[in-house]
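The values are calculated or read from the model by the stated rules, or taken from the named source; none is laboratory data. Since the structure is predicted, the reported quantities are computational estimates derived from the model, not experimental observations. Virtual Cβ from ideal backbone geometry, glycine too; neighbours counted across all protein chains shown.
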Amino acid sequence: MKRIFIGSFINSKSLSKKYPFIKKEFGGFLKGKWTPLENLHITYKFIGNSTDNQIILIKESLKTILNKEEPVHLIFKGFGVFPNFRNPKVFFLKVENEDGKLEEYNHYIQEKLSYLGYEKENKPFIPHITLKRPKYVDMEKFLPKLKKYEETIFGEQFSIEINVIQSILSPKRAKYIKI
């Protein structure tokens, strides 16, 4: 069994340069592990534990979009949290995509996988890059920083590749591998 999801790795040079700054700005009052730079990604669909046969079916159903570089303009701008500001379990960088390509890809993935019996997401698709899953947040310091950087662009990217990605978890960190 492999723990998998459908996603796109982020390979933005501009974001790579600014990631240490983001960690410094928010690290003092957001306790927890930062996502390593090489693991930054956008998730379209988390699938979970899957057999090799299931993975073959998933790859076959998504073959028209998998492992191909596609021109898409992404802007990494501002931050957010899930599920809400009173209970921030995920701290993320917002991803803007003005031409709607990410939403189109997400819709396509949800549709194709629903034919294989995977449930469509019932929440709206919010393109984002998870930076940290905080264990503790000092809200007095955190909220003003969020406000301060809400219009700040931290990078951009001009293409994406959609992949089936295996998530290998360990106590030290997660490792993500294209399969």
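For the reader, a short list of remarks on this structure follows.
- In the stretch 21-46, residue surrounded by the most Cβ atoms within 10 Å (Cβ to Cβ) [restricted to those that are in contact with a His (Cβ under 9 Å, 6 or more places away or on another chain) and assigned to a strand (DSSP E or B)]: Ile42
- Screening the candidates Glu121, Glu103, Glu161 for the property of being among the charged types (D, E, K, R), closer than 21 Å to Ile10 by Cβ and modelled with pLDDT under 95 yields one hit, Glu121.
- Candidates are the residues of the stretch 67-97 that are part of a loop (DSSP other than H, G, I, E, B) and at pLDDT 95 or above; the one that is surrounded by the most Cβ atoms within 10 Å (Cβ to Cβ) is Asn97.
- Where Lys59 falls short, out of the listed (1) surrounded by 13 or more Cβ atoms within 10 Å (Cβ to Cβ); (2) within 13 Å of the chain's Cα centre (by Cα): (2)
- Selection count, the stretch 103-113, where residues are surrounded by 13 or more Cβ atoms within 10 Å (Cβ to Cβ), without any contact (Cβ under 8 Å) to a residue 60 or more places away in the chain and not basic (Lys, Arg): 4
- Annotation: of all residues in the stretch 135-179 being buried (at least 19 other Cβ atoms within 10 Å of the Cβ) and more than 16 Å from the chain's Cα centre (by Cα), the one that is farthest from Phe5 (Cα to Cα) is Phe142.
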